Every structure is written in structure tokens, then in C-alpha cells.
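A.B. asks: One structure, pasted below without further comment.
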């Protein structure tokens, strides 16, 4: 019996076997393995040889069909109970399972198509119903609350607060801007030098704490040295620094001494 096959794309070898069984109108429980194998091999002969990935799956099934065909020509094997083993039994079980899943997928596809044709009306409720909130029963709300539970909640809140504090940055002091009147500091330092005629640089710095005061004092001394109004002497390395007023330093007042760019 010859059968002309109309070539089409199948999902896999199992799909092709089901097609051949339905095409020949034979029972899936009693597959004429010789006829189905011949038609299956004929399909492979006309298959696109460039699709090697698909070909490999079909060739594996072809080998299984040929193996079943050869086993059916041999004397039947028997199991432990003495019953004959049908070589087609495993293939039939796989075909039934594949057929079940295939039909289930088709049903799901039909349901999806039907669902796509249905439209649902948007929710339309009165504003009073939407805004309604059931009243809170405080007796039920605090029914299971005890002192121990409240203490546990409080301890958890405090622990979270402690975890949010950076243990390193929290120890830093507060940084405040140091307010210093540059002109007053320079005038005060100049007056003290001219009044004492001789003093140490350390004594000038100890008059008032603060980095900004030390910087302005240092700049004042440098300006007086540049003007030739004081002399700075250091007897040894890291020794005490002495500031001596020049003999003619008193001839000018401190305001004239400090009249330089950037200081007035």
C-alpha cells in the first residue's frame, strides 16, 4: 500500500508518528510498525538536510522504530510471569503521553482565544462606598496587648534607633566657625610688641586660644619684620623665638604700621 505524503513541518518525531497513525486510521494500541516505519523513513528522505538539529531528533526515532521492527521479527520475549513482551509497549506509552499534552495545549490555546474576545466592565461604585472605612473597635485592637508585648516593641524601636547611629561619627565634636576680628587682633599684637619692646612669640600666642588667632599673630609678626619694625631672634634649633622692637618703631603708631594691602 503506497501512501503519498504531503510534507509539512512537525514539532518533532512524536508529532510525525501521531500524524501517520491518524493518517492510516490505525489503533495507537496496535501500531503496524512495519508500515509506519516505512512511511516514516520516506518522510526523512524528503526532509530538508540542512536542518541538522531537527534531523538528529528524527534519526534517533528512526533508529528506535527499526529496532522495534527487528524485535518483532524475532521470537517474542517473555517476562517473569511468562507473558509475552510487546516491543511496541514503551513507544505506545510515550505516544499516549505526548497526545495528552498536545490536546491539553490545544485546549489552553482555545481558552486563550476565547478570553481575548471578552471585555470586562470597569468597577463602578458610588463614592460613599469607596470612601467607607469600617469603624475601629479599640477593645478588639488592644485585646492581646500586654505590658510584656509593649516592652518588647519599645525595646525593638530603641534598638533600631541605636543601629541608625554611626558609632564613629557620633563621637565627633561640633564644628563651629571661629569668629575673629583680623584688624583688632593685628592692632593688639602690634601694641603689645611696641609696649614690651621685647617678648617671645610664645607669649603672643598664649594670649588667646584658637587657630585663627595664631595665624593672624604670625602674619602680623611677618609684616612687622618686613617693615623693619621688629627683629626676630632664635638662639638655637627649636629654641625660643624672641621678638625685639626696633629703636624707631615707636615713631609710628600701630595704625600706620599695618596699612598694607589686604590688612586694612
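A.B. asks: Just check region 182-257 against the gyration tensor rule for me: Cα atoms, a ≥ b ≥ c as the square roots of the eigenvalues, rounded for a/c under 1.5, and otherwise prolate or oblate depending on whether a/b exceeds b/c.
C.D. replies: Here region 182-257 falls in the oblate category.
A.B. asks: Using 0.36 nm times the number of residues separating residue 22 and residue 121, minus their current alpha carbon distance, what extension gain do you get?
C.D. replies: Numbers: separation 99, 0.36 × 99 = 35.64 nm, distance 4.43 nm.
Separation in residues times 0.36 nm, less the Cα-Cα distance, equals 31.2 nm.
A.B. asks: Calculate, in nm to one decimal, what residue 181 and residue 81 gain on full extension: separation in residues at 0.36 nm each, minus their alpha carbon distance. All intermediate terms of the calculation are to be shown ahead of the outcome.
C.D. replies: Working: separation 100, 0.36 × 100 = 36.00 nm, distance 11.35 nm.
Gain on extension, residue 181 to residue 81, equals 24.6 nm.
A.B. asks: What is the distance in Å between the Cα centres of region 214-249 and region 61-109?
C.D. replies: Here the two parts' Cα centres lie 111 Å apart.
A.B. asks: Quick check on region 13-114: take the gyration tensor over C-alpha atoms, sort the square-rooted eigenvalues as a ≥ b ≥ c, and tell me if it's rounded (a/c under 1.5), prolate or oblate. Walk me through the numbers on the way to the answer.
C.D. replies: Numbers: a/c = 2.27, a/b = 1.32, b/c = 1.72.
Verdict is oblate for region 13-114.
A.B. asks: For a protection proxy built on the mean count of beta-carbon atoms within 10 angstrom, sort 68-78, 36-46 highest first, please. Before the final figure, lay out each step's value.
C.D. replies: Working: 68-78: 11.9, 36-46: 15.8.
Taking the mean over residues of other Cβ atoms within 10 Å, the ranking is 36-46, 68-78.
Each reported figure results from applying straightforward, stated rules to the coordinates on display, with no laboratory input. Quick caveat, the model's predicted, so the values are computed rather than measured. Please note: Cβ atoms are built from the backbone with ideal geometry, for glycine as well, and neighbour counts cover all protein chains shown.
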